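Structure in structure tokens, see below.
The values are calculated or read from the model by the stated rules, or taken from the named source; none is laboratory data. Given the structure is predicted, the values throughout are model-derived calculations rather than measurements. No Cβ is skipped: glycine too gets one built from the backbone with ideal geometry, and neighbour counts run over all protein chains shown.
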Amino acid sequence: MEIPYTVKPRPDTGLYNAKIGIWLFLASEVMLFGALFSSYILLRVGAPDGFWPDVPTAWPHGLLNVPLGTFNTAVLITSSMTVMMAWTALKENNFAKFRKFMTVTLLCAVLFLCIKGYEYNDKFTHYVIRLKDGSALTGHLEINGSSPRFWTEDTLAAKKLESVEVLQDIPTVLRYPSGFKHEEVAHEPGEHHIKREIKTADIQSLRPFVPATGTFFAIYFTMTFLHALHIIGGVLVMGYMTFVGGGMWKTEPERYTNRIESVGLFWHFVDLVWIFLFPVMYLL
Amino acid sequence: MSDATHTHTSETVAVSGHHRTPGEERKVYFTVAVTQIVCAVLTVLARYWQLDSTALTIAFALLLPCISASLVACYLMHMLERKAVYMSMALTIPFFIAMIALPLWSDGNRPKGYHHATHYVP
């Protein structure tokens, strides 16, 4: 039995069935991400005023790499453009050009994931250290020339380290809204970190920047990882359609074009989500 | 993207009820992409303006992305096509706005002196 309306539009909707399907899916995705954005705002406006990490429950500012995030935004926007260029190439009956544009799209997607992975790794090696005197600081640990991931105060105890070297972050005026007091850290102009040795006995707690460390990290990792999963899904489908499933172009070109159009719609949605995620997570 | 029920010609591509040449189409997509990147850069620059209200800061930081998202929806996803099904899909937009607005509204509606309970501190 032939599947109806894979090429021609249904008379009642005016669209072919795959397009209706992808739009319904995207509508459900709006609900999913809408709920997560709503949760973010609830947590964000509910956080008490103050300077994090001095006030442990305050909302952290400036922990994410804005230039990298901006670059990643440009990468995703470019991929959204090239997927349209690829679809237009199919409309011109130019499969070679289509493949070229789809390859660029896939490369952009992989680049986005690599940059995100780099950012994640930076968070896993970044720590908030609370000292027994009540003060707190953030920075990277330096153990034998490398930055360990996911350590806690228990790790320090297990390794029987007497002290640790920390590359302490220097807060800047830009990073933190004015009006919040924080401890001044003596440093040379232009310096972003200072090396400091801290005795293990003075450390109350050591936590990496992971979801369990606070509500900001929880919502950041939840939303960006869910978005990254969508990117991975898009890469798999686009890669399959371009290189493995390309044979359909010879037998059913219009149906193939429709499939690419549906994939493109999904990809634009992924781009849309990031357009909102970027300012919300990186800039606010 | 329009329905692929149109014949495959190298002259025109049917989009949003209009017929444009592929070259013209590419120009539209390129212009949208450049505008989006400009919007992203402006959003980053707007970070330097520190507003007093958290709610206002969030609302402003979402304005430029909203413009950018509208361009994607209108020109890349072709929601400008006047089809009833798109109008029904567009209902997700007020839903999204409501999801954003409700927590902001509730935050602005707190009694004076009210403080949230202490959060979990690791």
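Please go through the stretch A:197-216 and give me each residue that is without any contact (Cβ under 8 Å) to a residue 60 or more places away in the chain, away from chain B (no Cβ under 14 Å) and surrounded by 14 or more Cβ atoms within 10 Å (Cβ to Cβ), ordered by number.
A:T200
Within the stretch A:1-26, track down each residue that is farther than 16 Å from A:W274 by Cα and touching a Leu at 6+ places or on another chain (Cβ under 8 Å).
Across the stretch A:1-26, the qualifying residues are A:P9, A:K19, A:I22, A:W23.
Looking at the stretch A:123-152, which of its residues are at negative phi and either touching a helix residue (DSSP H, G or I) at 6+ places or on another chain (Cβ under 7 Å) or in a helix (DSSP H, G or I) (or both)?
The answer is A:K123, A:F124, A:V128, A:L131, A:K132, A:R149.
If you don't mind, there's one more thing I want to ask. Somewhere in the stretch A:10-21, is a residue within 27 Å of B:P22 (Cα to Cα) and in contact with a Lys or Arg (Cβ under 6 Å, 6 or more places away or on another chain)?
yes
Based on this model, can you work out whether A:V7 counts as in contact (Cβ under 8 Å) with a residue 40 or more places away in the chain, aliphatic (A, V, I, L, M) and outside any helix (DSSP H, G or I)?
Yes; evaluated as a whole, the condition is true for this residue.
Show the residue pairs meeting these rules: Cβ distance below 6 Å; 6+ apart or different chains; first residue within the stretch A:63-92 and without any contact (Cβ under 8 Å) to a residue 24 or more places away in the chain and more than 7 Å from chain B (Cβ to nearest Cβ); second residue surrounded by fewer than 19 Cβ atoms within 10 Å (Cβ to Cβ) and in a helix (DSSP H, G or I).
So the pair list comes out as A:A89/A:K97.
For the stretch B:76-93, which positions are at pLDDT 85 or above and either assigned to a loop (DSSP other than H, G, I, E, B) or more than 9 Å from every other protein chain (Cβ to nearest Cβ) (or both)?
Selection gives B:M77, B:H78.
Which residues, taken from the stretch A:44-53, are part of a loop (DSSP other than H, G, I, E, B) and either among the aliphatic types (A, V, I, L, M) or within 12 Å of chain B (Cβ to nearest Cβ) (or both)?
A:A47, A:P48, A:D49, A:G50, A:W52, A:P53, listed by residue number.
May I ask you to list the residues in the stretch A:235-273 that are crowded, with 16+ Cβ neighbours inside 10 Å, over 21 Å from A:N17 (Cβ atoms) and more than 9 Å from chain B (Cβ to nearest Cβ)?
Scanning the stretch A:235-273 gives A:V235, A:G239, A:T242, A:V270, A:V273.
Quick test of your reading of the structure: A:S38 fulfils all but one of (1) in contact (Cβ under 8 Å) with a residue 24 or more places away in the chain; (2) in a helix (DSSP H, G or I); (3) over 17 Å from the mean Cα position of the chain (by Cα); (4) buried (at least 17 other Cβ atoms within 10 Å of the Cβ). Name the failing condition by number.
(1)
Need pairs with beta-carbon distance below 7 Å; first residue under 23 Å from A:E165 (Cβ atoms) and within the stretch A:112-135, second charged (D, E, K, R); sequence gap 6+ or separate chains.
A:F124/A:R149; A:T125/A:R149; A:Y127/A:R207; A:V128/A:R207; A:L131/A:D202; A:K132/A:D202; A:S135/A:E183
Let me ask something else. Just to check your reading of the model, which residue among A:L64, A:L113 is hydrophobic (A, V, I, L, M, F, W, C) and at pLDDT below 95?
Result of the check over A:L64, A:L113: A:L64.
How many residues are more than 10 Å from chain B (Cβ to nearest Cβ) and in a loop (DSSP other than H, G, I, E, B) if we restrict to the stretch A:10-27?
1
Still on this structure, I have one more. Would you confirm, using the coordinates I've provided, whether A:S147 is outside the structural domain of A:R259 (by TED's automatic domain parsing), free of Cβ contacts under 8 Å to residues at least 24 places away in the same chain and farther than 23 Å from B:A61 by Cβ?
yes
This table checks each residue for (1) of a type outside the set (S, T, Y); (2) under 30 Å from A:T125 (Cβ atoms); (3) out of contact with any Asp or Glu (no Cβ under 9 Å at 6 or more places or on another chain).
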site: A:I194; (1), (2), (3): yes, yes, no
site: A:F209; (1), (2), (3): yes, yes, no
site: A:T224; (1), (2), (3): no, yes, no
site: A:I231; (1), (2), (3): yes, yes, yes
site: A:M248; (1), (2), (3): yes, no, yes
site: A:T257; (1), (2), (3): no, no, yes
site: A:F269; (1), (2), (3): yes, no, no
site: A:F278; (1), (2), (3): yes, yes, yes
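Output the residue which, of all residues in the stretch A:59-99 that are among the small types (G, A, S) and buried (at least 19 other Cβ atoms within 10 Å of the Cβ), is nearest to A:R259 (Cα to Cα).
By that ranking, first place goes to A:A86.
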